[in-house]
Amino acid sequence: MKIPQHIAIILDGNGRWATKQGLERTVGHEEGAKRIKDVALKANALGVKYLTIYCFSTENWKRNAQEVTYLMAMPERLLNNKQVNNFKNENIVLNHIGRRTKMPPKTLAAINHAILQTKDNNGMVLTFAFDYGAIEELLTAINQMLVKKLTSIDEKTLFQHLYTADLPDVDLMIRCGGEQRLSNFLLLQNRYAELYFTKAFWPEFDENALTAAILDYNNRNRRFGGIENDEQSGR
């Protein structure tokens, strides 16, 4: 089985999963947070080099204040010392992409602590896209280049100024929850990604579901804008 180097996942459906169970939406977010570790450990065991998960978008601030407050506190619960040690012991590197100026100090501190504790690992890079939006990322990159007064900007220069400068392009993008859109997630980095949509809500997405997505990826013919040799020859 060919393993994608970089998998990105939109963790959609936490609230809807909880509502279907007759539970508060926050319960769905809590179950979804627990699922992150299981799926990350499975990805690491399979040999995935980079796993990026979409946890909180720049648009999620539009949700009701109670839910936003709960989500902002999630990194403190998810990235406590025990959980970080679990990732550390599995040689996983924790990383963050997104805006760092709007989240509460305790949230940022939890993220920074997790990154610091795993910085010497050299295994899979698990990136939390938290307060992330592709448009905001692009605008930030453009403003950085304007400040530097760059006179010539090519693709390489642009990508060096993105939050994902140290990450490769996405190979497989998975979205849970039944929706079929990118929702402002890694729009440039997903340019040649294979897209996989599942109706399973994120709290239902387990190790077997990840394997199924990778098996589907193995059936894709990735041409990156080119054509097959037999197409070239007219066969």
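Of the residues that sit in the stretch 113-141 and are without any contact (Cβ under 8 Å) to a residue 12 or more places away in the chain and part of a helix (DSSP H, G or I), which one is farthest from I53 (Cα to Cα)? Out of the qualifying residues, it is L139.
Residues in the stretch 5-24 that are assigned to a helix (DSSP H, G or I) and surrounded by fewer than 19 Cβ atoms within 10 Å (Cβ to Cβ): how many? Break it down stepwise before answering.
Of the stretch 5-24, the ones assigned to a helix (DSSP H, G or I) are 14-20.
Filter once more, so that each one left must be surrounded by fewer than 19 Cβ atoms within 10 Å (Cβ to Cβ): 16, 19-20.
Total meeting the criteria: 3.
Every condition in (1) under 22 Å from E207 (Cβ atoms); (2) assigned to a helix (DSSP H, G or I) is met by T52 except one, and the failing one is (2).
If I go through the stretch 184-215 residue by residue, how many of them are of a type in the set (S, T, Y) and surrounded by 15 or more Cβ atoms within 10 Å (Cβ to Cβ)?
Of the stretch 184-215, the ones of a type in the set (S, T, Y) are 192, 196, 198, 211.
Within this subset, residues satisfying the condition of being surrounded by 15 or more Cβ atoms within 10 Å (Cβ to Cβ) are 196, 198.
Residues in the stretch 184-215 being of a type in the set (S, T, Y) and surrounded by 15 or more Cβ atoms within 10 Å (Cβ to Cβ): 2 in total.
Restricting the first member to the stretch 7-25 and to residues that are without any contact (Cβ under 8 Å) to a residue 12 or more places away in the chain, and the second to residues that are surrounded by fewer than 21 Cβ atoms within 10 Å (Cβ to Cβ), the beta-carbon pairs closer than 8 Å and six or more apart or on different chains are T19/R25; Q21/V27.
The residue pairs whose first member lies in the stretch 181-201 and is without any contact (Cβ under 8 Å) to a residue 24 or more places away in the chain, whose second member is assigned to a loop (DSSP other than H, G, I, E, B) and of a type in the set (D, E, K, R), and whose beta carbons are closer than 7 Å, counting only pairs six or more residues apart or on different chains, are R191/D169. Taking the criterion of being assigned to a loop (DSSP other than H, G, I, E, B) and either exposed (fewer than 13 other Cβ atoms within 10 Å of the Cβ) or under 19 Å from the mean Cα position of the chain (by Cα) (or both), the residues of the stretch 55-89 that qualify are T58, E59, N64, A73, L79.
For the stretch 101-112, a residue qualifies if it is surrounded by fewer than 17 Cβ atoms within 10 Å (Cβ to Cβ) and either part of a loop (DSSP other than H, G, I, E, B) or β-branched (V, I, T) (or both), and the qualifying residues are T101, K102, P104.
Just so you know, all these numbers are worked out from the coordinates, no wet-lab data involved. Every value quoted in this text rests on a predicted model; they were computed, and no experiment measured them. Every residue, glycine among them, receives a Cβ derived from its backbone with ideal geometry; neighbour counts consider all protein chains shown.
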